[in-house]
Amino acid sequence: MHSEQEIYGQVRRVLAELFELPPEKIVPTANLYTDLDIDSLDAIDLILELKQITGRKVQPEQFRHVRTVGDVVAAVCELMRDETAA
Amino acid sequence: MGTHWRGMLDRGSRRFGTGLSFVVFGVGGTLLSVTLFPFLRLISPNGAVAQRRIGAAMRRVMGLFIWFMKSLGLLTYELHGLERLARSGQLIVANHPTLIDVVFMVWLTPEAGCVVKRALWRNPALRWPVIWAGYIPNTEGVQLVQDCSRVLESGRSLLVFPEGTRTVPGQPLALKRGAAQVALASGADVLPVTIVCDPPFLTKGSHWYQVPPRRPHFTITVGQPIPRERYGAGVQSHPLVARELTAHLATYFTRNIDAVLNERRDPAHESARDSVRTPIM
């Protein structure tokens, strides 16, 4: 029901809205910090937003190793999978 | 002896004076850190009283140091709008062209915390005075924003250099978003202070002995406060407000620096004083 493609679409939408990023810059390999100019405080806003969308509890630790847009999608997929398994 | 030679002599003595000032600052600061400041801490009944006394002592010491440099003929200065620094609980943001901006600002600002280099916390002499004075180490991210907000919420003002380090000469101002994040988190008014040093002196990447051909003149102008309700009105997301406020401050500083420099080149130019009167948001 939550395909990786759907999640990718949602992450892109959140990034575009939250940080007014041009959609063409939001690609899976884009580094949040260096390519998209997102800082550690922005990352908290991003995590809060993802929490709302997924309806899951999101721990900042789960995002510690996130560097790229692709990593964000993978982390969200992971969250959804955990929930399904539980 | 022509004016050329006099200029050279003047420059040589300013080089000597600058070196002397560095020694005086280093030795004096270390001595005070093991004498006056611990003494003030010891005779104070609690941390809050000690913080006020040590803060007041630091302001005097910084004022004395500026007086010393001025007396040696190393610099001149003019100050505008200082009365606006007196209100408490403001987030005071200044641009950072020279090594001694913090000396000026600590001297001029009554009762304020200050974000300073975290390396000072590893300095055996200076570590305790900065802790007692309630200063904040320039850590990063959430930690820094929380520390700063706590100071502002306690009603104290806080002095921050949003560039994080000195301006790189010849490059556009690069402001970090931390200051704007603090403003948003605390809801404090933002008070911009424009510092201009002309000709450039003690800039980033230069050595202390590279004194400019003419004696440097500091123009420090305190602008109008930007109240919380003025920034980010109608903007949806928190990150966007932080970006907007940061961009506004960068434009504000750049415009004011140019205005002051223009006025100095051509005294008929009166835009400098006018532009700081104009609210930026």
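The values are calculated or read from the model by the stated rules, or taken from the named source; none is laboratory data. Quantities reported herein were computed from a predicted structural model and do not represent experimental measurements. Every residue, glycine among them, receives a Cβ derived from its backbone with ideal geometry; neighbour counts consider all protein chains shown.
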Considering every residue within segment B:234-252, establish whether at least one is away from chain A (no Cβ under 14 Å), crowded, with 21+ Cβ neighbours inside 10 Å and at pLDDT below 90. no
Of all the residues that make up segment B:58-85, how many are in a helix (DSSP H, G or I), in contact (Cβ under 8 Å) with a residue 24 or more places away in the chain and within 13 Å of B:Val24 (Cβ to Cβ)? 6
From B:Gly141, B:Gly164, grab the single residue that is farther than 28 Å from B:Trp67 by Cβ, within 14 Å of chain A (Cβ to nearest Cβ), surrounded by fewer than 23 Cβ atoms within 10 Å (Cβ to Cβ) and touching a Lys or Arg at 6+ places or on another chain (Cβ under 9 Å). B:Gly164
Within segment B:92-102, the residues that are buried (at least 19 other Cβ atoms within 10 Å of the Cβ) and out of contact with any Ser or Thr (no Cβ under 7 Å at 6 or more places or on another chain) are B:Val93, B:Ala94, B:Ile100, B:Asp101
Tell me which helices (runs of 4 or more DSSP H) are completely within chain A and hold 1 or more residues being modelled with pLDDT of 90 or more and under 9 Å from the mean Cα position of the chain (by Cα), or say none if there are none. A:4-19, A:69-85
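Matching residues to (1) closer than 20 Å to B:Thr109 by Cα; (2) touching a residue at least 12 places away in the same chain (Cβ under 8 Å); (3) of a type in the set (A, V, I, L, M, F, W, C); (4) part of a strand (DSSP E or B):
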{"position": "B:Pro172", "(1), (2), (3), (4)": "no, yes, no, no"}
{"position": "B:Lys176", "(1), (2), (3), (4)": "no, yes, no, no"}
{"position": "B:Val182", "(1), (2), (3), (4)": "yes, yes, yes, no"}
{"position": "B:Ala188", "(1), (2), (3), (4)": "yes, yes, yes, no"}
{"position": "B:Cys197", "(1), (2), (3), (4)": "yes, yes, yes, yes"}
{"position": "B:Pro200", "(1), (2), (3), (4)": "no, yes, no, no"}
{"position": "B:Lys204", "(1), (2), (3), (4)": "no, yes, no, no"}
{"position": "B:Phe253", "(1), (2), (3), (4)": "yes, yes, yes, no"}
Evaluate segment B:86-100: report whether one residue or more is at negative phi and in a helix (DSSP H, G or I). no
Could you please give the count of residues in segment A:63-86 that are polar (S, T, N, Q) and surrounded by fewer than 16 Cβ atoms within 10 Å (Cβ to Cβ)? 1
Within segment B:113-138, which residues are part of a loop (DSSP other than H, G, I, E, B), of a type outside the set (Ser, Thr, Tyr) and either touching a residue at least 12 places away in the same chain (Cβ under 8 Å) or surrounded by 15 or more Cβ atoms within 10 Å (Cβ to Cβ) (or both)? B:Lys117, B:Asn123, B:Ala125, B:Leu126, B:Ala133, B:Gly134, B:Asn138
